[in-house]
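Following: one structure in structure tokens, then a few remarks.
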Amino acid sequence: NAGVMQNPRHLVRRRGQEARLRCSPVKGHSHVYWYRQLPEEGLKFMVYLQKENIIDESGMPKERFSAEFPKEGPSILRIQQVVRGDSAAYFCASSPQSEQFFGPGTRLTVL
Amino acid sequence: GDSVTQMEGPVTLSEEAFLTINCTYTATGYPSLFWYVQYPGEGLQLLLKATKADDKGSNKGFEATYRKETTSFHLEKGSVQVSDSAVYFCALSDQGSNYQLIWGAGTKLIIKP
């Protein structure tokens, strides 16, 4: 009974590098959500995807950030040319309909 | 815009103590309210929820009542255990969107034996 899987759990990047965060939803779930948690703050919604479609990306920064949920394979959150301000915990959630099931998160540190 | 405010942590209690974690919200409509819990090294889990005023959510000995008059959803437990040590998040969902959760900053709870 695997839950939402995220990898890596910890990721260290230098400024200017790319970060790729992966999320494998619960088997059978077709909705995926990404959230970001900055230090000492609550989670902030970033993007909502269904298979091969971005439904709502209103919380995504306009530049450097992108997300996909392909027909096969995990959902990917990609951050290009990372900056120190991108350091945060990134959580993925999946749902069959409305209730969201969360992964353990990826903690990104930008040096 | 909508927002959630939680009491700051960490909250440190002895085993069998009474727990209250305060949560207040601001919202223009009639949101649903949630408490999530994150145990060390794990993802967030839904602990309980309430969808309308005066509803009481309960699970695993935890309770929270949706109080519209005080815009609060305080989490309570009568007798905490060491295994309750975790981070607790209060959240609301906007009436018009059942997926965009708005979160409090989280409250770390430490229970000492």
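Would you please name the residue that is modelled with the lowest pLDDT, looking only at residues in segment A:76-99 that are in contact with a strand residue (DSSP E or B) (Cβ under 6 Å, 6 or more places away or on another chain) and within 30 Å of B:Ala50 (Cα to Cα)?
A:Ser95
For segment A:65-76, state whether one or more residues are within 14 Å of chain B (Cβ to nearest Cβ) and touching a residue at least 40 places away in the same chain (Cβ under 8 Å).
no
Please find, within segment B:63-96, the residue that is surrounded by the most Cβ atoms within 10 Å (Cβ to Cβ) out of those that are farther than 21 Å from B:Gly43 by Cβ and hydroxyl-bearing (Ser, Thr, Tyr).
Across segment B:63-96, the extreme among qualifying residues is B:Tyr66.
Do any strands (runs of 3 or more DSSP E) lying entirely in segment B:8-113 carry at least 1 residues that are free of Cβ contacts under 8 Å to residues at least 40 places away in the same chain and among the small types (Gly, Ala, Ser), and which ones are they?
Output list reads B:44-50, B:56-59.
All but one of (1) within 29 Å of A:Val47 (Cβ to Cβ); (2) away from every other protein chain (no Cβ under 11 Å) hold for B:Val87; state the number of the condition that does not hold.
(2)
B:Thr5: farther than 22 Å from A:Gln100 by Cα and β-branched (Val, Ile, Thr), yes or no?
It is false that B:Thr5 is farther than 22 Å from A:Gln100 by Cα and β-branched (Val, Ile, Thr).
Looking at (1) more than 14 Å from chain A (Cβ to nearest Cβ); (2) in contact with a strand residue (DSSP E or B) (Cβ under 9 Å, 6 or more places away or on another chain), which is the one condition that is false for B:Cys23?
(1)
The values are calculated or read from the model by the stated rules, or taken from the named source; none is laboratory data. Since this is a predicted model, take the numbers as computed values, not measurements. Because the Cβ atoms are built from the backbone with ideal geometry, glycine has one as well, and the counts that use them run over all protein chains shown.
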